[in-house]
Each structure stands twice: as C-alpha cells, then as structure tokens.
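See below for the structure under consideration.
The values are calculated or read from the model by the stated rules, or taken from the named source; none is laboratory data. Note that the structure is a prediction, hence the values are computed from the model and not measured. Reconstructed Cβ throughout: ideal geometry from the backbone, glycine too, with neighbour counts over all protein chains shown.
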C-alpha cells in the first residue's frame, strides 16, 4: 500500500490529467478517502487474510506458544467492537481472529426467528454476515484514520511540524482492523455442488477460512447435542474438494479449510460406505458398524448384509433407517476422519469433544501425528461445557491421584458456591486460565475459539441493566452500570454518534461543499460532553 505522500501525488496526477473541470477536487482529500477504503472487494480481503493465516500456521509449527484465538460474532458491530478493543488493549491484532458461528446465525439471524443449530436457517445469511462483519471492520479503519487526519490538520494549523510528521508516520504504518474470519459452512447445506456454490459466496464476501463438518447435511445437529449422523469419508472428501475448487476458481490459492469431525459424539450413520477391496477407506468406515454375524438361512426381508472375509454381517438398523456404530469407537473414528481429511486437502482439524480435557484431545492428536506430523487443530472452547465443574472435577481427581486429602469436597457437588474460595477451586481456575496455552503445547491446538461468547455477554449485560433500571436504581442503573464504565474504560462507543460515522460524514461534507458544508459536529453537539 502506498504511503500518504505517494497517494496524494497519485491523486494529484489523476486530477491534473482531467484539466480544469476537476480543479475543485482536492488530491489530499482523495488520498484520505483511498486510505480509508484500503480493501475494495471481499476477494481482496480473503487473499490478504489467507496469507496471514498461513504465516500464523507456520509460526505455530515452529513454536506452539504462537497459537491464535478468536471470539464468535453474530453482528458486524460485535466484531468491530472486539477488534477495536483488541487494538486498544494490545496495540496489534496479530493472532487474533473472528469466528462466524452457524449456531449464532441460526439462533439470531434467521428470518424464521430463533432456530436450533440444524442448518435450517437461510444459507445466504452466512455470506451476508461475513460481508457485514467486514463492512463494520472497514468502517472502524475509516473512523480511526479520520481521527488521525483531523489530528494532522490540527498539528499543521499549530505549526507543529514534529507532531505532524509523527502523525503522518502513524498513518503510513496504520494497522487495519481487518483480520481472518473462520467461517462455519455447517455440513455444506446440501450436496457437494451446493457446498461449492455457498463456499464461493462466502469467499467473495471475504472468507479466507471455511470450516466444514462431516455430518449428514439434512440431519445436521449441534455438535454438543445428541442424534448426530456422520457420512462416509468419500462424501466428506468430495465437499472438501468442492471448497478447494471454490478457493482456486476465485484466485485465493492459499485459502484455508478446517475439517471438523463430530464422530466422537456421533453414534449413527445414514449410509454404508462403498468398498471395493478389503482395507480401503469404505471398508474401514464400515468396520466400525455395530453388526451381528448371521448365516444365510437367518436372512429376513429387507436385510442389509455386509460380506467381510467370508462372513455375513448384518448392521444394526434403527427404525429411523439409520445404522449405529459400535460403542466406544468414537475416538478411533475421529482419528481416521482427521488423517483422511488432512491427506485429501484439509489444512486444519476440528474435533468436537464433550468436555475440555487436554489429555483426551492430546491422545487423539498424538495418533494423528503418527501419520501427519504437522497436524493442527482448531478447538471449540465451548460455552456448552460447564468449565467450572469440569475443571474442579479434574482438580479433584488430580488431588486423589496425588494422595491429598479431599474429605472436605463432594465430587458430584463441586459446582456449589461454597467451594468458590477453596484451594481446589483456585487450582481449577488456574488450569482454566492456562488451558489454551497448555493445549496449544500439549494437544496440537493452533487456534482456540469460543463459539458463542457474545450471545452470552449480551444476555448477561442486558439482564444486569434491566434489573437495575426497572428496579429502584432507575437511571442510576444505566449511568453507574454502563455509561460511567464506558467513560472510565475509554470505550469508544460512549461517543455513539462518532461510532455511527457522524464525524466521517462531516469530513466528506467539507470535501464536497467546502465552507458551505452543514456539519453535525459543532459546538452544540452533545457528544462534546465526553471530551
């Protein structure tokens, strides 16, 4: 990207080439608008962010301390505020992404109203949210750069060349709010062609990374609920290929695919895999089926039979016409899913688990890495887990194993508030605090995300405000619980007119109409009360 001075020169040359008819166009204003709109298309964003993710993956391979993180977002404003906060607190966005959750689209963005996470929402809402997120992030860039331009003008008016040069240096080295989004395509919303078409729309909207799961599309369930049904590997690999073709067609050659397996909690399949010879991938999938050996004279009407090594096996078929897997095969199926996906085009893995346990995750990753040494995971630090209870139980078990006295604790009642200040609770909380770093080091997790955090924070903050405002605190409930905290913590939204683009609009009015511009940000603007 050109620096500030060069961008002004380029604009000046263009204006000059068009003669006197463009004489009222100010090249510096043009340069400012160009810099405020660095990314012209979603594809530019996808290409930019794909390179970032690839660099981050390479950095993680060298040192697992370089793991990355994200929080789930269901609205552009939420994503914008997250990245503004990250820049404010950490001065950079490196290693910090956004996650687009299919669950939250279903629950919060469907025209049908709130829906369960079963791919019933409009699939067009997925690329629409990606586009919305990047619209808000681009606006965050424009707003912040607009502030720097106004500071530059003030420094010039004061004749402070040193300050003006320092601000121009900030402009030249400006770090964008645009970061990678890991986007959930569920099970592809149909067959491989449907997956390809939706993937294209997502990439065109800016997605550099698409997460695809191995459930049956029309039976899809939330990963933390019962009734999950997986597909044979060939079906899943066709959809991985479909996503890769979409990336390559659109010129995002280093686009990232996350292959998610729900096999750990999925005990059912809709199909018996095609197999051509013993030991092939279809045969390996079928080997997990819960079957009973029968003889030819035991066959009944409508039986489905597998011939394996000369034996007749009848898979157990449910009234739903689904077939069930053998109990206790989930981890082995996960390992096979992961190895197969990485061998056929996926870049990262996602293993949906029933609890956050580093030992469980690490054991599967170790098996996968025997075949694919650089296997890496995206992991759902899910709000579906009771983190407090899980880690208190893990701390309790560790104390028992170490021979420590646990007589003052009831393992099945560790969520009780009476334990909040206990030694066991302190140990559990420390393990929760270091979970991401520990899992990155010990379980191959490259990216940690929380799928639904802003869903829960919105509910919690609204509950707190409603309780105070409609109770005896009245307006103090808002002022003390919200606005005063915004001011003290430097939350940009306290100036909500500025966040909505009012100051940028004033800038543009001045560019377009000069001294005749009617601006909103004058002395009578109440936003001035916030300094």
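Can you pull out every residue in region 337-356 that is surrounded by fewer than 17 Cβ atoms within 10 Å (Cβ to Cβ) and either part of a loop (DSSP other than H, G, I, E, B) or touching a strand residue (DSSP E or B) at 6+ places or on another chain (Cβ under 7 Å) (or both)? Residues satisfying the conditions are 345, 354, 355. Scanning region 104-118 turns up no residue that is surrounded by fewer than 18 Cβ atoms within 10 Å (Cβ to Cβ), over 17 Å from the mean Cα position of the chain (by Cα) and within 25 Å of residue 445 (Cα to Cα).
Are there strands (runs of 3 or more DSSP E) fully within region 184-300 with at least 2 residues that are crowded, with 24+ Cβ neighbours inside 10 Å? List them. Walk me through how you get there before you give the answer.
Numbers: elements: 209-213, 256-261, 291-294.
So the answer is 209-213, 256-261.
Taking the criterion of being in a helix (DSSP H, G or I), buried (at least 23 other Cβ atoms within 10 Å of the Cβ) and modelled with pLDDT of 95 or more, the residues of region 47-84 that qualify are 49, 53. Identify all residues within region 417-433 that are exposed (fewer than 13 other Cβ atoms within 10 Å of the Cβ) and not in a helix (DSSP H, G or I); write none if there are none. Of everything in region 417-433, those that are exposed (fewer than 13 other Cβ atoms within 10 Å of the Cβ) and not in a helix (DSSP H, G or I) turn out to be 420, 421.
For residue 126, the conditions (1) part of a helix (DSSP H, G or I); (2) touching a helix residue (DSSP H, G or I) at 6+ places or on another chain (Cβ under 7 Å); (3) in contact (Cβ under 8 Å) with a residue 60 or more places away in the chain; (4) closer than 24 Å to residue 174 by Cα are fulfilled apart from (4). Within region 466-485, the set of residues being buried (at least 16 other Cβ atoms within 10 Å of the Cβ) and under 32 Å from the mean Cα position of the chain (by Cα) comprises 481, 482.
May I ask you to verify whether residue 451 is under 20 Å from the mean Cα position of the chain (by Cα) and either farther than 30 Å from residue 98 by Cβ or surrounded by fewer than 19 Cβ atoms within 10 Å (Cβ to Cβ) (or both)? Show your work before the answer.
Details: under 20 Å from the mean Cα position of the chain (by Cα): yes; either farther than 30 Å from residue 98 by Cβ or surrounded by fewer than 19 Cβ atoms within 10 Å (Cβ to Cβ) (or both): no.
Here the answer is no, as residue 451 does not meet what is asked.
On the basis of being touching a residue at least 24 places away in the same chain (Cβ under 8 Å), part of a helix (DSSP H, G or I) and within 30 Å of residue 245 (Cα to Cα), does residue 332 make the cut? Against the criterion (touching a residue at least 24 places away in the same chain (Cβ under 8 Å), part of a helix (DSSP H, G or I) and within 30 Å of residue 245 (Cα to Cα)), residue 332 qualifies.
Out of region 305-315, which residues are in contact with a strand residue (DSSP E or B) (Cβ under 9 Å, 6 or more places away or on another chain) and in a loop (DSSP other than H, G, I, E, B)?
Restricting attention to region 305-315, the residues satisfying the condition of being in contact with a strand residue (DSSP E or B) (Cβ under 9 Å, 6 or more places away or on another chain) are 305-308, 311-315.
Selection gives 305 alone.
On the given criteria, is residue 362 in contact with a helix residue (DSSP H, G or I) (Cβ under 7 Å, 6 or more places away or on another chain) and closer than 18 Å to residue 449 by Cα? In short, yes.
Restricting 32, 38 to those that are more than 29 Å from residue 489 (Cα to Cα) and either out of contact with any helix residue (DSSP H, G or I) (no Cβ under 8 Å at 6 or more places or on another chain) or in a loop (DSSP other than H, G, I, E, B) (or both) reduces the list to 38. When residue 302 is tested against (1) over 21 Å from residue 184 (Cα atoms); (2) touching a strand residue (DSSP E or B) at 6+ places or on another chain (Cβ under 8 Å), exactly one condition is not met: (2). Please indicate, with yes or no, whether at least one residue in region 31-39 is more than 25 Å from the chain's Cα centre (by Cα), free of Cβ contacts under 8 Å to residues at least 40 places away in the same chain and surrounded by fewer than 19 Cβ atoms within 10 Å (Cβ to Cβ). Scanning region 31-39, I find at least one residue that is more than 25 Å from the chain's Cα centre (by Cα), free of Cβ contacts under 8 Å to residues at least 40 places away in the same chain and surrounded by fewer than 19 Cβ atoms within 10 Å (Cβ to Cβ), so the answer is yes.
Checked against the criteria, residue 102 counts as over 28 Å from residue 488 (Cβ atoms), in contact with a strand residue (DSSP E or B) (Cβ under 7 Å, 6 or more places away or on another chain) and at pLDDT below 95. Flag set for residue 286, criterion: under 18 Å from residue 215 (Cα atoms) and at pLDDT 90 or above.
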